[in-house]
Amino acid sequence: MFDFGDNADYMAMGYAVTGLFLGGMVLWMYLRYRVLGREQDLIDQIEAEERDGKNK
Amino acid sequence: MTDYSPQRTKILQGVTIAAVVLFIIAIYLDLFWVGPEKTQGEAQRIFYVHLGSFLGSFISFGATVWAGFAYLRTRNVSWDIFGLANVEIGLGFAAITIVTGMTWARPIWNTWWTWEPRLTSVAIMWLAYAAYIMLRSGIEDPERRRRFAAVYGIVAFASVLFTIIIIRVRPDTIHPVVAGPTQADPEGGFSVTGRIRDTLFFNLFTFAVITVVLVWHRIRLENLSQQVQWRKIQVLSEL
């Protein structure tokens, strides 16, 4: 079992960095998805307003 | 453009869950199952994610070459998106490789960074692909941008091959070689046997799966982005 032996601080740093970078890549994609989803909703809204305007 | 079959989406969801589970198992193996190396202590455990992430960048940059040739042959925009997705994900993995290498080097080489052949070549590799992102965003004409990206993606792979080969041909490198011959006398090498070997292979497989999953999601994101752009232009032209 892991016993926090020699150079454990550097090992922890290496794994923390890996998690941070992988998490960063996932988070960046998730946030982009959310922003694009909001933009899509906005476009849908504008298109619906356009259609309503034409029908009137 | 973003109407995917439910079956494909289910496969992507399945592979994503598999990647998360594999990553958790890999971390367990790295930190608990395999013991510390005799001379390097716990720092040696960095090696599993260091090599795994390098494999991820290698797969991604290799796929960019494939995408480049396929685009030049077919002029299909999907190949351009595939190439872009791979470069971005590859850059992320290459960054992990570099930074984990630095955290390993500090206790083993007594320095965070040294301009020895392997470290220099991997820095050049990272910069070459970072330039891909910057340069392609600077070209306005879409067809020219895609053609440039395809050619650049193929040529830039030379930096990856250079990074792999250099520690095997230069006698003045201190970077350890995991597999194959070397002319140098590296500092910090160790034998890859038993549990170390098993853990390494599991990590390599895990990082390969994570790479595929991230690239797949990035492709979908780019498709969605282009669809939104196209719809924006349409709406604005109608106003």
Worksheet item: How many residues are among the aromatic types (Phe, Trp, Tyr) and over 27 Å from A:Asp41 (Cβ atoms) when one looks only at region B:205-234?
Response: 2
Discussion item. Of all residues being more than 9 Å from every other protein chain (Cβ to nearest Cβ) and β-branched (Val, Ile, Thr) in region B:40-64, which is farthest from the chain's Cα centre (by Cα)? Just the residue, please.
Written reply: B:Thr64
Worksheet item: For B:Gly35, which of the numbered conditions (1) surrounded by fewer than 21 Cβ atoms within 10 Å (Cβ to Cβ); (2) assigned to a helix (DSSP H, G or I) fails to hold?
Response: (2)
Worksheet item: Within region B:126-153, how many residues turn out to be closer than 14 Å to B:Gly90 by Cα, buried (at least 18 other Cβ atoms within 10 Å of the Cβ) and touching a residue at least 40 places away in the same chain (Cβ under 8 Å)?
Response: 3
Worksheet item: Under the condition of being at the interface with chain A (Cβ under 9 Å from one of its Cβ atoms) and not basic (Lys, Arg), which residue from region B:211-228 is surrounded by the most Cβ atoms within 10 Å (Cβ to Cβ)?
Response: B:Leu214
Response to the item:
Out of (1) within 14 Å of chain A (Cβ to nearest Cβ); (2) hydroxyl-bearing (Ser, Thr, Tyr); (3) within 18 Å of the chain's Cα centre (by Cα), the one B:Thr111 does not meet is (3)
Practice prompt. Consider A:Leu22 carefully, then state whether it is of a type in the set (A, V, I, L, M) and under 15 Å from B:Phe23 (Cβ atoms).
Written response: yes
Discussion item. Going residue by residue through region A:7-27, is there one that turns out to be within 7 Å of chain B (Cβ to nearest Cβ), in a loop (DSSP other than H, G, I, E, B) and within 30 Å of B:Phe207 (Cβ to Cβ)?
Written reply: yes
Discussion item. On the basis of being surrounded by 14 or more Cβ atoms within 10 Å (Cβ to Cβ), in contact (Cβ under 8 Å) with a residue 40 or more places away in the chain, within 14 Å of chain A (Cβ to nearest Cβ) and under 15 Å from B:Phe61 (Cβ atoms), does B:Val160 make the cut?
Written reply: no
Worksheet, complete the sentence: Of B:Trp104, B:Trp79, the only residue that is of a type outside the set (Lys, Arg), more than 9 Å from chain A (Cβ to nearest Cβ) and part of a helix (DSSP H, G or I) is B:Trp79
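Bear in mind these aren't lab numbers, they're just calculated from the coordinates by the rules spelled out. All values reported here derive from a predicted model rather than from experimental measurement. Neighbour counts run over all protein chains shown; Cβ positions are idealised from the backbone, glycine included.
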